[in-house]
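Working notes, beginning with the structure itself.
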Amino acid sequence: MNQRNRKPNRDTKRDNKRDFRKDDYKGRAPKRKPEPETNNRPEQQDDFVIGKHAVYETLQSERDINKLFLQEGIGGEKIGEILELAKERQIQITIVPKTKLDLLSDNGVHQGVMLATAAFQYATLDDLFAVAKEKGEDPFFVILDGIEDPHNLGSVLRTADASGVHGVIIPKRRAVGLTGTVAKTSTGAIEHVPVVRVTNLARTIEELKERGVWIYATDMKGQSYEKWDANLPVAVIIGNEGKGVSRLLKDSADGLLTIPMKGHVQSLNASVAAGLMMYEVYRKRNFE
């Protein structure tokens, strides 16, 4: 029987190569002479992962990694663990001055460590359904309609991993993709939550419907998100930081959901709204 027959409440419509040994670094990167400054950012074909936690999670994943950059003199327990993982994977390690990391990260908060990796890999819709099937759960996806802030996307991925979301769907145009900033903000969740990047969200929604998924969009005029039936295959659409969910996608949805608010501000940050929706599904599926 088509899962869409499970009716919900329809009231809601090596530079400088070196073999690092544990006794050599003892959790600290050795010092070296600073490299000359350049005006051009090198390794333009690489994606960069910045920050201790994001780097650590990426080293534990199956992602292809080209090089580990460490700030000279950097130390600490987490740096020692990162160096151990890099040694195990035989990854090239380069010690650089802080100014070099500032350049590579576009002055991001790199915490003295970065990875140059192969480009972030996007998943397919089939991959998302496969994740749900492997876990023996009804599919639960999050669709992001034009999220432009990489910090918001990273935060959504972090919460998606924590709440058991099977995948996130984003558009190719007028939206942020998977970047180093997204990876850092997600604190490594980018390696665990599959992300699909599609050309046309409306067509993707129709395909999801055909595959038995109920679609819900966030909107101020919808019914309270606490009252909907999430114990079936669902996808929730979260709108752009400024404009919300587009009219086209709202019209394509099976229902509209709202998050009740008492204050003067009539909307929430996109990642906060997404987090509330994700944990409501988690709560309904695990505690009701």
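I'd like to know if the range 238-246 contains one or more residues that are among the hydroxyl-bearing types (Ser, Thr, Tyr) and over 30 Å from Tyr56 (Cβ atoms).
Scanning the range 238-246, I find at least one residue that is among the hydroxyl-bearing types (Ser, Thr, Tyr) and over 30 Å from Tyr56 (Cβ atoms), so the answer is yes.
Of everything in the range 227-247, what is among the acidic types (Asp, Glu) and in contact with a strand residue (DSSP E or B) (Cβ under 9 Å, 6 or more places away or on another chain)? Give them in sequence order.
Asp229, the sole residue that qualifies.
Restricting the search to the range 221-239, which residues are under 21 Å from Glu148 (Cβ atoms) and over 20 Å from the mean Cα position of the chain (by Cα)?
none
As an exercise: evaluate Ile215 against (1) of a type outside the set (Ser, Thr, Tyr); (2) crowded, with 17+ Cβ neighbours inside 10 Å; (3) touching a Phe, Trp or Tyr at 6+ places or on another chain (Cβ under 9 Å) and give the number of the one condition it does not meet.
Exception for Ile215: condition (3).
I'd like to know if the range 253-268 contains one or more residues that are of a type in the set (Asp, Glu) and more than 22 Å from the chain's Cα centre (by Cα).
Yes - at least one qualifying residue is present in the range 253-268.
May I ask you to say which residue of Ala217, Ala175, Ala189 is under 30 Å from Met114 (Cβ atoms) and in contact with a helix residue (DSSP H, G or I) (Cβ under 6 Å, 6 or more places away or on another chain)?
Matching residue, one of Ala217, Ala175, Ala189: Ala189.
Run down Met220, Met261 and say which single residue is outside any strand (DSSP E or B) and modelled with pLDDT under 95.
Being outside any strand (DSSP E or B) and modelled with pLDDT under 95 holds for just one of Met220, Met261, which is Met261.
From (1) in contact with a Phe, Trp or Tyr (Cβ under 9 Å, 6 or more places away or on another chain); (2) under 28 Å from Gly167 (Cα atoms); (3) modelled with pLDDT under 90, pick out the condition that doesn't hold for Ser61.
The number of the failed condition is (1).
Using the structure shown, decide if Arg247 is more than 27 Å from Val176 (Cβ to Cβ) and not acidic (Asp, Glu).
Criteria not met by Arg247.
Which residues, counting only those in the range 59-75, are buried (at least 19 other Cβ atoms within 10 Å of the Cβ) and in a helix (DSSP H, G or I)?
Residue satisfying the conditions is Leu59 alone.
Can you work out which of the residues in the range 99-108 that are surrounded by fewer than 16 Cβ atoms within 10 Å (Cβ to Cβ) and modelled with pLDDT under 80 is farthest from Gly75 (Cα to Cα)?
Among those that are surrounded by fewer than 16 Cβ atoms within 10 Å (Cβ to Cβ) and modelled with pLDDT under 80, it is Asp106.
Of all residues in the range 76-90, how many are surrounded by fewer than 19 Cβ atoms within 10 Å (Cβ to Cβ) and under 26 Å from Arg158 (Cα atoms)?
Of the residues in that region, 8 qualify.
Ala270 - would you say it is modelled with pLDDT of 95 or more, of a type outside the set (Ser, Thr, Tyr) and under 26 Å from Ala123 (Cα atoms)?
Against the criterion (modelled with pLDDT of 95 or more, of a type outside the set (Ser, Thr, Tyr) and under 26 Å from Ala123 (Cα atoms)), Ala270 does not qualify.
Going by what's in this entry, would Gly242 be described as within 21 Å of the chain's Cα centre (by Cα) and surrounded by fewer than 17 Cβ atoms within 10 Å (Cβ to Cβ)?
yes
The values are calculated or read from the model by the stated rules, or taken from the named source; none is laboratory data. Just so we're clear, the structure is a prediction, and the values are computed from it rather than from any experiment. Cβ coordinates were reconstructed from backbone atoms using ideal geometry, including for glycine residues, and neighbour counts include every protein chain displayed.
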